[in-house]
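Worksheet: one structure, shown below.
Values quoted throughout were computed directly from the atomic coordinates according to the rules given, and no laboratory measurement underlies them. All values reported here derive from a predicted model rather than from experimental measurement. All Cβ positions, glycine included, derive from the backbone under ideal geometry; neighbour counts span all protein chains shown.
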Amino acid sequence: MFNHHKVEIEWAGRPLILETGKIARQADGAVLATYGETVVLATVVSMKEPKPGLDFFPLTVNYQEKTYAAGKIPGGYFKREGRPSEKETLVSRLIDRPIRPLFADGYKNDTQIVVTVMQHDLENDPDVLAIVATSAALTLSGVPFMGPIGGARVGYIGGEYKLNPHIDEMGESKLDLVVAGTGEAVLMVESEAQELPEDVMLGAVMFGHKGFQPVLDAIIQLAELAAKDPRDHVVPDLSELESTMLGLIEDELRAAYKNTVKQERYAAVDAAKAKVKAVLLPEGAEETKWSAEQVGSVFKELQAKIVRWNILDSGSRIDGRDLKTVRKIVSEVGILPRTHGSALFTRGETQAMVVATLGTGEDEQYVDSLTGMYKETFLLHYNFPPYSVGETGRMGSPGRREIGHGKLAWRAIRPMLPTVEQFPYTLRVVSEITESNGSSSMATVCGTSLALMDAGVPLAKPVAGIAMGLIKEGERFAVLSDILGDEDHLGDMDFKVAGTSNGITSLQMDIKIAGITEEIMKVALDQAKGGRQHILDEMAKALSEGRKELGEFAPRIEVMNIPTDKIREVIGSGGKVIREIVEKTGAKINIEDDGTVKIASANAKEIEAAKKWIHTIVAEPEVGEIYEGTVVKTADFGAFVNFFGPRDGLVHISQLASDRVQKTTDVVKEGDKVFVKLMGFDERGKVRLSMKVVDQKTGKELAREKRQDGEENAA
């Protein structure tokens, strides 16, 4: 038998149930969490002994969505879930970020967390539930985890915050914010917003923090029933090693971190490290007082302390800036003239080459999610090659970091994009990070905004982003604007804010300490606002709005609407008609179920030809109008002319020319292009056409005196 324990609470109007002891009992911790009717299983396994030689914590989080959860069978040949989707990757990061800083110092045991969506009610997004279930499983596992944490989603609907809104309510919300943290402080924020002011964003974070407090109580209640005994984990006392190392290299490290040139600074740090190894880990020594891992770990901690002391004591940073100054910015557009839009954004030693491409409906990305298939018309891909930091490395498919950074920039830009009705293009942006020393994701936001405007995309407003850092020792703290890579690695916070001059469109925060307070967040948001406006002003020197005309090589798209009952006629049996239109005109054509037709080509004549062809299929010819047609058949009594899509009409021999015609083929032959006027319909509804009232060279109607008896005889 098994010991099954369950805790149930009411949370934001729905039941939240946490269960353990029945499923996955061989894992160190396992919790089945149910919210509404969405169910996830979170498991934790951590090895009993650390791997030797590791100088990092080997934590892996795998969030996976099973299609059976929504009553679906996977697409594709194998009918089995394949590589992680973008959402699975992003939610894995969402879980990892708030839990990682809460493991005990020095814990290096290989730890894996697997979260599986087992049922989806299509109302409650499983991502927040996955955070809660993971926290509960860790709290029960006995692993040295300083939790629990909670998580919540916050919407902003009708000027009011809403806790954990349903999926279908998010369409009305001006905010999609996920917050996670402990009972005392916030650890992680991820959000997308519709130009909301700083106070509204801060209020949402605190509203969410307050909103998940009952979840923490529920996890503690479950832990009191089912938690395993805590594992023995002793943090080694390395204070003697730190003191020895300070005596050896404190002056060298302080001097290194006053060097404003990154490469020279890194060389000086490497020299200090080599000195430490030579003294504490001499070559050929059979035994040393401290291991290589301990020396490496303390050296990293000492680097952080030197940087932090310098900043807190002097207010001066690694590259000589004060706390609020943004590095020099250079914005350039039109760098690649044959692309649809391009920009090179450089901020200090961080640089992004961003290229925008305009596509048609054929280029939309189909996304098959648990909630159903949908089409995505805005794609943003971020690439971080190793040369950007002067290193070599493996090149391959994008990793979790690249997917996460690209999505952050996507969230920042999307609220400012025109609707598909206003600008009927599929947009793909690629950001190539060509140099990196701090916040390449925010450089991507700035570069994307410029590249889209260079392509002629009518953004509502330009968007810029800035990364903020934090140094906190006891009650003292310093918030840093536009952080360097070293300040990111050695600091306590990575706080990224993107938006327009009017408000925030995206906010992402990761904390490496036990959490930060509302006061610190307010300082960071206010400081970020000033930095963001400065960056927008610098970007405006290159471009401040979308170009009025598309680039020479960009496709033109025109939209027309046809009656839905005519769609079948335009497509034709087996797509025969639309294929012929595309083949003959050269234009790309996309037809929506509501009758919206998008015609795309870089050549205006091709678009016009396709529009005219479709118009002749769906419209009715008008009496008195002149049309260009093709003779399809001749007879003794006249010629049949295809003049309006599939429509043919007879030009009687008396209407072929002003002079008397003895033989039809004396005037026209099959395949001839001719101009005809629709004179009307006979009593049987057959079309009556005339050539002789139209100038066959210009296609214009002849003056009455030049027609002789044309129209009268036509009757």
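Across region 626-714, Cα-Cα pairs farther apart than 14 Å form 59% of the total.
Compute the label zone of ASP594 within region 386-420: residues whose backbone N is under 16 Å from the point 7 Å along Cα-to-Cβ. Once the point is set 7 Å along Cα→Cβ of ASP594, 419-420 turn out to lie under 16 Å by backbone N, inside region 386-420. Rounded to the nearest 10 degrees, the inclination of helix 292-314 to the longest alpha-carbon principal axis of the chain is 80 degrees.
Which number comes out as Rg/Rh for region 556-618 once both Rg and the Kirkwood Rh are worked out on C-alpha atoms?
Rg/Rh: 0.92.
Working ranking of peptides 207-213, 73-79, 324-330 by packing, defined as the average number of other Cβ atoms within 10 Å per residue, highest first, is 207-213, 324-330, 73-79.
To the nearest 20 debye, what charge dipole does the chain have about its Cα centre, counting +1 at the Cβ of each Lys and Arg and -1 at the Cβ of each Asp and Glu?
On the way: 86 positive and 107 negative charges, 337 e Å.
Magnitude of the dipole: close to 1620 debye.
The phi-based Karplus calculation (6.51 cos²θ - 1.76 cosθ + 1.60; θ = phi - 60°) puts the 3J(HN,Hα) values of region 396-413 at x, 5, x, x, 4, 5, 5, 5, x, 5, x, 5, 4, 5, 4, 5, 5, 8 Hz, whole numbers, x for Gly and Pro. If the segment from SER316 to TYR366 were pulled out straight at 0.36 nm per residue, it would be longer than the present Cα-Cα gap by 13.1 nm. In degrees from 0 to 90, rounded to the nearest 10, what is the angle of the helix 576-585 Cα long axis to the longest principal axis of the chain? Here the helix axis deviates by roughly 90 degrees. Between region 489-520 and region 236-307, what is the C-alpha centre distance in whole Å? Cα centres, region 489-520 to region 236-307: 30 Å. Net charge dipole, region 626-714: roughly 140 debye, given to the nearest 20, about the Cα centre with Cβ charges of +1 for Lys and Arg and -1 for Asp and Glu.
Would you mind classifying region 329-414 by shape? Square roots of the alpha carbon gyration tensor eigenvalues, ordered a ≥ b ≥ c; an a/c under 1.5 is rounded, otherwise it is prolate if a/b is larger than b/c and oblate if not. Because a/c hits 1.5 or more and a/b fails to exceed b/c, region 329-414 counts as oblate. Between the residues THR371, ILE99, ALA218, the greatest Cα displacement towards the positive end of the dipole of the chain, with unit charges on the Cβ of Lys, Arg, Asp and Glu, is found for THR371. If a paramagnetic tag sat 7 Å from the Cα of ALA267 along the Cα-Cβ line, which residues of region 378-397 would have the backbone N under 13 Å from that point? Within reach of a label on ALA267, which here means backbone N under 13 Å from a point 7 Å along Cα→Cβ, region 378-397 contributes nothing.
Sparsely packed loop sites in region 529-631 (the chymotrypsin sites (Phe, Trp or Tyr not before Pro) outside DSSP H, G, I, E and B with at most 12 other Cβ atoms within 10 Å) comprise PHE553. Here, P(r) means the percent of Cα pairs in each 5 Å bin from 0 to the largest distance; for region 508-571 it is 3, 10, 11, 9, 9, 8, 9, 8, 7, 9, 8, 5, 2. For region 5-226, the direction-averaged projected area of the alpha-carbon convex hull comes to 13.5 nm².
What is the distance in Å between the Cα centres of region 357-372 and region 43-63? Region 357-372 and region 43-63 have Cα centres spaced 37 Å from each other. Modelled this way, with points 7 Å down the Cα-to-C-beta line, the labels at LYS686 and GLU622 are 2.7 nm from one another. Can you tell which of TYR387, ASN561, MET509 lies farthest toward the positive end of the dipole of the chain, using +1 and -1 charges on the Cβ of basic and acidic side chains (Lys, Arg; Asp, Glu)? My answer, from the dipole projection, is ASN561. Relative protection proxy for 143-155, 485-497, from highest mean packing down: 143-155, 485-497 (other beta-carbon atoms within 10 angstrom). Once the chain from ASP537 to ASP659 is taken as fully extended at 0.36 nm per residue, the excess over their C-alpha distance is 36.5 nm. For the chain, the longest principal axis of the alpha carbon atoms and the long axis of helix 86-99 meet at an angle near 20°. Placing R0 at 30 angstrom, the Cβ-Cβ distance between GLU549 and GLU701 gives a FRET efficiency of 0.25 after rounding to 0.05. Which of the three applies to region 353-485, rounded, prolate or oblate, going by the alpha-carbon gyration tensor with a ≥ b ≥ c and a/c under 1.5 meaning rounded? In terms of gyration-tensor shape, prolate.
Expressed per residue, the C-alpha convex hull volume of region 216-327 stands at 184 Å³. Projecting each Cα onto the charge dipole of the chain (Lys/Arg +1, Asp/Glu -1 at the beta carbon, about the Cα centre), which of THR67, ILE466, LEU18 comes out farthest on the positive side? Positive-end residue among those listed: THR67.
Taken over the C-alpha atoms, region 463-515 has Rg and Dmax values of 11.8, 35 angstrom. The mean of 1/r over all pairs of different alpha-carbon atoms in region 440-583, once inverted, gives a Kirkwood hydrodynamic radius of 18.6 Å.
Roughly how big is region 556-618's charge dipole about its Cα centre, with Cβ charges of +1 (Lys, Arg) and -1 (Asp, Glu), in debye to the nearest 20?
On the way: 11 positive and 10 negative charges, 48 e Å.
Magnitude of the dipole: close to 240 debye.
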